[in-house]
Amino acid sequence: MDQNTLKAARDVLNNAYVRYSNFHVAAALKMKNGVIITGVNVENASYGLSNCAERTALFTARTQGYTKHDIIEVVVTTKQEAIISPCGACRQVMHELILPDVPIHMVDVNDNVKTMLNKELLPAGFSEDDL
Ligand code: THU
């Protein structure tokens, strides 16, 4: 894991809009050209409309013209003592927008890291090829 990717995620962690859960999450995507795209969770009074950090980052990357061929690693971090992993909805979006062998690094507040490949997060996932 590139420490710059982790730092980029930590740098935006306080921008998470978490007035309902107070559970800050930040994601950072490292691109093959060296650019790092970040995202945070953004909640809503209509709770189900909340957007996770991973999807915020992925949609931002797409907006800026990047595709799944550009993303070489992902970091997800929080302020928690325990490592968290992406939710099911994010795994589905990651399945489509990140290549299967890209490492997803999950990092807790104490720098403990768990790394899984994107394909390991959603085995047998539904994809554009199934349509
Ligand atoms: N959340 C994320 O942003 N990413 C995850 O991987 C897990 C959950 C957010 C959603 C919600 O704003 C808060 O964390 C608590 O569930």
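The values are calculated or read from the model by the stated rules, or taken from the named source; none is laboratory data. All of these numbers come straight from a predicted model, not from anything done at the bench. Cβ placement follows ideal geometry from the backbone for every residue including glycine, while neighbour counts extend to all protein chains displayed. The accessibility values were calculated without ligands, DNA or RNA, using every heavy atom of the protein model including side chains. Shrake-Rupley method; radii C 1.70, N 1.55, O 1.52, S 1.80 Å.
So, in the stretch 51-92, exactly how many residues are in a helix (DSSP H, G or I), more than 14 Å from V40 (Cα to Cα) and either small (G, A, S) or within 11 Å of the ligand (Cβ to nearest atom) (or both)? Before the answer, list the steps.
The first filter runs over the stretch 51-92 and keeps only residues in a helix (DSSP H, G or I), leaving 53-63, 88-92.
Narrowing further to those that are more than 14 Å from V40 (Cα to Cα): 62-63, 88-89, 91-92.
Restricting the remaining residues to those that are either small (G, A, S) or within 11 Å of the ligand (Cβ to nearest atom) (or both) gives 88-89, 91.
Residues in the stretch 51-92 being in a helix (DSSP H, G or I), more than 14 Å from V40 (Cα to Cα) and either small (G, A, S) or within 11 Å of the ligand (Cβ to nearest atom) (or both): 3 in total.
Which of (1) near the ligand (Cβ under 8 Å from one of its atoms); (2) more than 24 Å from M1 (Cβ to Cβ) is the odd one out, the single condition A27 does not satisfy?
A27 satisfies every listed condition except (2).
Could you tell me whether the stretch 42-50 includes any residue that is surrounded by 14 or more Cβ atoms within 10 Å (Cβ to Cβ) and under 17 Å from H105 (Cβ atoms)?
Taking the stretch 42-50 as the starting set, the residues that turn out to be surrounded by 14 or more Cβ atoms within 10 Å (Cβ to Cβ) are 42-43, 50.
Still in the running and under 17 Å from H105 (Cβ atoms): none.
No: the stretch 42-50 contains no residue that is surrounded by 14 or more Cβ atoms within 10 Å (Cβ to Cβ) and under 17 Å from H105 (Cβ atoms).
Out of the residues in the stretch 112-131 that are under 17 Å from A9 (Cα atoms) and free of Cβ contacts under 8 Å to residues at least 40 places away in the same chain, state the one that is most open to solvent (accessible area, probe 1.4 Å). Working first, answer last.
The initial filter retains those residues of the stretch 112-131 that are under 17 Å from A9 (Cα atoms), namely 112-115.
Pick out the ones that are also free of Cβ contacts under 8 Å to residues at least 40 places away in the same chain and you get 112, 114.
Working: N112: 78, K114: 102 Å².
Looking at residues that are under 17 Å from A9 (Cα atoms) and free of Cβ contacts under 8 Å to residues at least 40 places away in the same chain, I get K114.
For a quick check of your reading of the model, give me the residue pairs whose first member lies in the stretch 1-22 and is in contact (Cβ under 8 Å) with a residue 12 or more places away in the chain, whose second is aliphatic (A, V, I, L, M) and in a helix (DSSP H, G or I), with beta-carbon atoms closer than 8 Å and at least 6 apart or on different chains.
Here the result reads A16/A53, each pair linking the stretch 1-22 to a residue that is aliphatic (A, V, I, L, M) and in a helix (DSSP H, G or I).
Identify, from the list T38, T56, the residue that is without any contact (Cβ under 8 Å) to a residue 60 or more places away in the chain and touching a Gly at 6+ places or on another chain (Cβ under 7 Å). Talk me through it step by step, then tell me what you get.
On the way: T38 fails: touching a Gly at 6+ places or on another chain (Cβ under 7 Å).
Selected residue: T56, the only one of T38, T56 that is without any contact (Cβ under 8 Å) to a residue 60 or more places away in the chain and touching a Gly at 6+ places or on another chain (Cβ under 7 Å).
Any chance the stretch 8-23 includes a residue that's more than 12 Å from the ligand (Cβ to nearest atom), of a type in the set (S, T, N, Q), at pLDDT 95 or above and in contact with a Lys or Arg (Cβ under 7 Å, 6 or more places away or on another chain)?
No, the stretch 8-23 contains no residue that is more than 12 Å from the ligand (Cβ to nearest atom), of a type in the set (S, T, N, Q), at pLDDT 95 or above and in contact with a Lys or Arg (Cβ under 7 Å, 6 or more places away or on another chain).
Out of the residues in the stretch 1-48 that are aromatic (F, W, Y) and in a loop (DSSP other than H, G, I, E, B), state the one that is farthest from the chain's Cα centre (by Cα). Write out each step before concluding.
Quick first cut of the stretch 1-48, residues aromatic (F, W, Y) only: 17, 20, 23, 47.
Right, trim to in a loop (DSSP other than H, G, I, E, B) and you get 20, 23.
On the way: Y20: 20, F23: 15 Å.
Among those residues, the one meeting the criterion is Y20.
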